[in-house]
Amino acid sequence: MMSRTVTAQASGTWPLGDLTVRRIGFGAMRLTGSAAFQEGVPSDRGRAIAVLRRAVELGVDHIDTAAFYFSRLRSANELINSALAPYADDLVIATKVGPARDASGAWAVSARPGELRGQVEENLRQLGRDHLDVVNLRIMGQEDIGEHFGALAELRTAGLVRHLGISNARPEHLDQAQAIAPVVCVQNRYGIDAADGAAMLRACGDRGIAFVPYFSLAGEGRESGAVRAEHDEVLGVARAHGVSAAQVRLAWILAQGDHVLAIPGTGNPAHVEDNVAAGGLRLTEDDLRLLGSVARR
């Protein structure tokens, strides 16, 4: 059985521009409730703060969030601010802009290029920072992202943003963005249940850009979390190593390339320890072949 004291250092590191982060990070979306963006029982505030502090204690130095991660009573950014400010110098907080929600939580239209500054400033206010380490443009179906990414590049020049990335992107979006400003990461859905994004994973590896999968644990459940029984192959590998299925999924993600960063989210302090420990799990070639058979279905 893997030790609960395994820290994020075991996962290795990768650069985000001039910043270096450990490859196991933390995604803040699920801190806002049982299912972010949906009605449900709000998360316990003290428990959420304990999760964030425990993640950092375990060496996590990369947290993914967004101002639109909120539910009826919880805001991910506010929780991060309350739990971790004043922030450690080596803590990298990545956020996203592009989608828009009104105060009730209902989705509005995607932000126009001229509205992205307001979204960046809202993240700054909520997090209590004078600049954002990484801002990802969440692409909402646009064919051409030039105007949107150009607006963020201007904010980077102005000093409000240090580094830029893109999310929910296709390879042509990466080409468009890199023609405007440096791209340090791409956030796309990817995992054992969603391996059809391998082209972007390879494109990022070829260009030395971090690939940051989301929904790696939730699979088809997406924001709602895992909704199906686990694959027998995943369970078999977990039993062989004496670890959880979640750890196997995360270890598989990390095994896809040194440039791959994992950002699993949870509202459970025990689960954050389990997730971080996945950075120390080394899958065998036989494990990878077996798990790859699931990904190719």
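Per residue of the chain, what 222 nm ellipticity follows from adding -39500 (n - 2.57) for every DSSP H run with n ≥ 4, rounded to the nearest 500? Counting only the DSSP helices, I get -10500 deg cm²/dmol. Extent of the stretch 8-295 along its three principal axes (Cα atoms, max minus min coordinate, largest first): 52, 42, 35 Å.
Axis of helix 146-157 versus longest Cα principal axis of the chain: the two differ by about 80°, to the nearest ten degrees. Could you work out how far helix 245-254 tilts from the main Cα principal axis of the chain, as a 0 to 90 degree angle to the nearest 10? Taking the Cα atoms of the chain, the angle to 245-254 is about 60 degrees. Going by neighbour counts of Cβ atoms within 10 Å, the residues 14, 107 line up, fewest first, as 107, 14. Sparse packing (at most 14 other Cβ atoms within 10 Å of the Cβ) combined with a DSSP loop state is found for the following trypsin sites (Lys or Arg not before Pro) in the stretch 150-258: 228. To the nearest ten degrees, helix 232-241 and the longest principal axis of the Cα atoms of the chain are 70 degrees apart.
Treating only the Cβ of Lys, Arg, Asp and Glu as charged (+1, +1, -1, -1), what charge dipole size does the stretch 237-297 show about its Cα centre? Round to the nearest 20 debye. Write out the running numbers ahead of the final one.
On the way: 6 positive and 6 negative charges, 53 e Å.
For this selection, approximately 260 debye.
Rounded to the nearest 20, the Cβ-based charge dipole of the stretch 84-164 about its Cα centre (Lys and Arg +1, Asp and Glu -1) stands at 120 debye. Dividing the convex hull volume of the alpha-carbon atoms in the stretch 140-239 by its residue count gives 128 Å³ per residue.
In what sequence do 266, 65, 95 fall when counting other Cβ within 10 Å, fewest first? Before the final figure, lay out the partial values.
Numbers: 266 21, 65 26, 95 30.
Ascending Cβ contact count within 10 Å gives the list 266, 65, 95.
No value in this document is a laboratory result; all are computed from the given coordinates. Since this is a predicted model, take the numbers as computed values, not measurements. Note that each Cβ is placed from the backbone with ideal geometry, even for glycine, and that neighbours are counted across all protein chains shown.
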